[in-house]
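Data block below; observations after.
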Amino acid sequence: MLKILLYVLSFIAILSVLLPFIKKDFWIFRVFDYPRLQKFTIIGILATCWFVFFRESEFWLDISISIFLSFAFFYLLYLILPFTFLGKTMIDRVSGKNKETINLLVANIYQYNRKYQKLLDLVKKRNPDIVFLVETDEKWLDGVKELREEYPHYIEIPLDNTYGLLFYSRLPIKNQEINYLIDEEIPSIIADVEFDNQLVRIFGLHPTPPVPQENEHSTDRDAEILLIGKMAKKHEGPCVVIGDLNDVAWSYTTKLFLKSSELLDPRRGRGMYSTFHAKYPLLRWPLDHYFVSSHFRLVDMKVEKHIDSDHFPISICLVLSHQDDEDKMVADAEDKELVEEKIEAGLTDNPM
């Protein structure tokens, strides 16, 4: 019975590693991008069980499974390491003492959560310069409208479809845009805020996830993320991309985004900073993100306490400095072609 159980679990685990290699947008191939740490742990346990209980087996299937699990374990370890303290950082950490800092707070509040005060208490405690809330409807707008007192510059797009956005800034907003890049019901924003005697461009977005109840393909999500990446690349000044991207930091789409935008991921070399799912500790991965241009240095980044949402809020503190492009990723010709193909697929609603 133990061997039959190991066969079943091993085949499922092996399949979960192989499916993301299929670069198709259908959800079954993309959803297994998410639980990388979980797959790493499960495969490690399975490989250990095979070694402990059946290491003397000469049956070709047992040997094949043991070898593949071992390769999969080290492959996943290789992919995970950049998001641990053993990985190379993309953005340097500095002290914020005696420096102008910009503090941001991003929170997917879960539209049906009505604990407005928990979010307001967090904002009061953290005292960020910018607050970006996603999944906000009219009830959430009413519940947090007192933020206008401390944050007199704002962009409010309450929607009942779980894609509403609320953006509050203590810093003056000099220019702003509301865009519907891929879907006429899914907004994103651009806000140029005045900080440290210059303009910082903030891109805020919340694309759809590749899950059957939302969108069976990752096409729209990937296209929106990559469109924002192209915009960030064209922008010559400092910029930050923020929001719930419904994609993990290690996916091939995120890597393609980093290459095409030439932005930096402050997670790398520091940790996963997993924000979802807040209520299930064993099913967590990083869905809420900050990506920054090379003008910035990191002072601090933190996953905040539970606010009764399915996501944890995440905050970041940054300072402006000289540009340092040493650690950015750069797209080659093949990457650029793929970016254009994926954007075209999203714009034409033609999944790849």
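The values are calculated or read from the model by the stated rules, or taken from the named source; none is laboratory data. For clarity, every value in this text was computed on a predicted model and none was experimentally measured. Neighbour counts are summed over all protein chains in view; Cβ atoms, including those assigned to glycine, are modelled from backbone coordinates with ideal geometry.
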message: Can you name every one of the helices (runs of 4 or more DSSP H) wholly within segment 1-99 that holds 2 or more residues which are out of contact with any strand residue (DSSP E or B) (no Cβ under 7 Å at 6 or more places or on another chain) and among the aliphatic types (A, V, I, L, M)?
response: 2-18, 36-54, 60-80
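Mind telling me which of the residues Asp121, Asp25, Asp62, Asp92 ends up being in contact with a Lys or Arg (Cβ under 6 Å, 6 or more places away or on another chain) and among the charged types (D, E, K, R)?
Asp92
May I ask you to list the residues in segment 149-181 that are among the charged types (D, E, K, R) and over 23 Å from Ile102 (Cα atoms)? Before you say what the answer is, go through the steps one by one.
Step one: filter segment 149-181 for residues among the charged types (D, E, K, R), giving 149-150, 156, 160, 170, 174, 177.
The answer is Asp160, and nothing else.
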message: Tell me yes or no: at least one residue of segment 162-173 is modelled with pLDDT of 95 or more, in a helix (DSSP H, G or I), surrounded by 14 or more Cβ atoms within 10 Å (Cβ to Cβ) and more than 19 Å from the chain's Cα centre (by Cα).
response: no
task: Inspect all residues belonging to segment 217-226 and state whether any of them is in a loop (DSSP other than H, G, I, E, B) and either free of Cβ contacts under 8 Å to residues at least 24 places away in the same chain or surrounded by fewer than 24 Cβ atoms within 10 Å (Cβ to Cβ) (or both).
output: no
query: Could you say whether any residue in segment 306-318 is of a type in the set (Asp, Glu), touching a residue at least 24 places away in the same chain (Cβ under 8 Å) and crowded, with 20+ Cβ neighbours inside 10 Å?
result: no
task: Give the residue, chosen from Val240, Val211, Val200, that is surrounded by fewer than 21 Cβ atoms within 10 Å (Cβ to Cβ) and either among the hydroxyl-bearing types (Ser, Thr, Tyr) or touching a residue at least 24 places away in the same chain (Cβ under 8 Å) (or both).
output: Val211
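Test Thr348 against the stated conditions and say whether it is crowded, with 21+ Cβ neighbours inside 10 Å and either touching a strand residue (DSSP E or B) at 6+ places or on another chain (Cβ under 8 Å) or without any contact (Cβ under 8 Å) to a residue 40 or more places away in the chain (or both).
No; evaluated as a whole, the condition is false for this residue.
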